[in-house]
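Comments concern the structure below.
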Amino acid sequence: MSAVLSDAARRATNYLAGLSDRPVAPTEAAVRALDRFRTPLPEQGEAGEKIIAELDEIGSPATVASAGGRYFGFVIGAGLPVPLAANWLAGAWNQNVALEVMSPVAARLEHVALDWTAQLLELPAGVRGACVTGDTVANFTALATARLAVLEAAGYNLAQDGMSGSPPITVVVGDEVHVSVLRALSLLGFGRGRLQHVPVDEQGRMRADRLPAIEGPTIVCTQVGNVNTGSFDPVAEIATWAHAAGAWVHVDGAFGLWARAAPRRRALADGVDRADSWALDCHKWLNVPYDSGMVFVRNGAALRAAMGASSAAYLPTKGEGEMMEFTPEMSRRARGVDAWAALRYLGRAGVADLVERSCVLAQRFADRLQQAGFRVLNDVVLNQVMVSFGADEETSRVVSEVQREGTCWCGQTVWHGRTAMRISVSSWATTSEDVDRSVAAMIRVAHRE
């Protein structure tokens, strides 16, 4: 046991140490080599050392170097070393955080991490939260709670009578609503054809002057941190309008909600504390290992009512509730340990610096590319940059060739009918040198005939 664990730690450390010297995207040969994993299931087990060696020697070269400083394709944190180490230790603990009696330490650290995050983001006092796999499940959990609460306010007992006879619920979203919200709504039985869409402005923000008239059970989904532009819906204005009609306001803040932790960016998210629920990721800007998200709900009793399962004689529960009663899952890994370690390591100042530094580096990307004669398509207010290299076909060519070239990795999107390269800066490991090196590669590819 000691030998195989030590070997795995050595190989993992060597992998991380070598990220700056390898292409961000794996080579075609490395991807083809993955076919070596397609073998018949062995009749007898094999030695652990051999398994770990094969995993490293075949698998490591075929990874995308998203744990390094030059991956900008999606909003993916690189994984800070301290929460990574905590993740390794928690993996060895192999704790189940369904019930406190199953793991007192994991339950306590999850509560602390949630409390710290709520304080850091200045959410209302008394919110109840839970650690989940990511923003999609956080949205699902919050919106399931909203569904139950707005029906209860209308006099309908969803938990008892189910959806088949319930009053209709109006769901309001912006035209730039993220797919994770749409997915959560679909899983909850809200067909996309029944959603009311609000027009957005040129940066993707919901237009407060175009909000519809609403009455009856209503859920309003807002967004802070547009996945293309980084822009924020005007949550304060939307909350005033929605609450006047008794509606529930949800904030999808996968990465943008972390702007609340950075003094120079906090004003972007003014008014989010007036919402009723919030969803965010920790494996994005907090830079903890995958998978890690959080959900917060102002009304903890509603969250427990929406997520709590029927009791079973063999499951001892506490009066204030067990963690499994606040999430869709029962058996859960101790992902709160990762978030606790990251927050303990960074502190308030460190989280603020991580967010602010990412935003400054995103602006550096925009400035360098504009100086080179290319067009930035968005106001760079956060960590997102969209750039056009000319005609759509030319932009697509540049994106594809930059990905293959390997200095960095950026994705492609479409904004207002135009193809664009999308640059997301969210890694703790990214430096000014990484940005300049990446820009040089982009310019080199763009000027290639």
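The values are calculated or read from the model by the stated rules, or taken from the named source; none is laboratory data. Just so it is clear, the model here is predicted, and its values are computed rather than measured. When we count neighbours, we look across all protein chains shown, and the Cβ atoms used for this are built from the backbone with ideal geometry, even at glycine.
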Residues of the stretch 5-17 being more than 22 Å from A78 (Cα to Cα), surrounded by fewer than 15 Cβ atoms within 10 Å (Cβ to Cβ) and not hydroxyl-bearing (S, T, Y), in sequence order, are L5
Within the stretch 263-288, which residues are surrounded by fewer than 21 Cβ atoms within 10 Å (Cβ to Cβ), in contact (Cβ under 8 Å) with a residue 40 or more places away in the chain and of a type outside the set (K, R)?
-> P263, L268, D273
Residue match in the stretch 10-25 (condition: of a type in the set (S, T, Y) and more than 24 Å from W428 (Cβ to Cβ)) = no
Scanning the stretch 153-181 residue by residue, those in contact (Cβ under 8 Å) with a residue 12 or more places away in the chain and outside any loop (DSSP other than H, G, I, E, B) turn out to be A153, A159, T170, V171, V172, V173, G174, S180, V181
Across (1) within 25 Å of the chain's Cα centre (by Cα); (2) buried (at least 19 other Cβ atoms within 10 Å of the Cβ); (3) of a type in the set (F, W, Y), F374 clears everything bar (1)
Only one of V64, V97, V105, V82 that is within 30 Å of S396 (Cα to Cα) and under 28 Å from the mean Cα position of the chain (by Cα) = V64
What are the pairs, 6+ residues apart or on separate chains, where a residue within the stretch 303-316 that is at pLDDT below 70 has its Cβ under 8 Å from a residue that is assigned to a loop (DSSP other than H, G, I, E, B) and surrounded by 12 or more Cβ atoms within 10 Å (Cβ to Cβ)?
-> A309/M330; S311/T317
Inside the stretch 93-108, can you point out the residues that are in contact (Cβ under 8 Å) with a residue 24 or more places away in the chain and not hydrophobic (A, V, I, L, M, F, W, C)?
-> Q95, N96, E100, S103
Expected output for the stretch 352-375 (first residue closer than 23 Å to G253 by Cβ, partner part of a helix (DSSP H, G or I) and not β-branched (V, I, T), Cβ below 7 Å, 6+ apart or cross-chain) is A352/A261; L354/L346; V355/W258; V355/A259; V355/A261; L361/S432
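A quick yes/no check of all residues on (1) within 22 Å of R205 (Cα to Cα); (2) modelled with pLDDT of 95 or more; (3) not aliphatic (A, V, I, L, M):
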position	(1), (2), (3)
A106	no, yes, no
L120	no, yes, no
A125	no, yes, no
G129	no, yes, yes
V132	no, yes, no
A149	no, yes, no
I169	no, yes, no
V173	yes, yes, no
S180	yes, yes, yes
Is it the case that the stretch 188-199 has a residue that's within 22 Å of the chain's Cα centre (by Cα) and either within 30 Å of G73 (Cβ to Cβ) or buried (at least 23 other Cβ atoms within 10 Å of the Cβ) (or both)?
-> yes
Right, S66: in contact with a Lys or Arg (Cβ under 8 Å, 6 or more places away or on another chain), of a type in the set (S, T, Y) and surrounded by 14 or more Cβ atoms within 10 Å (Cβ to Cβ) or not?
-> no
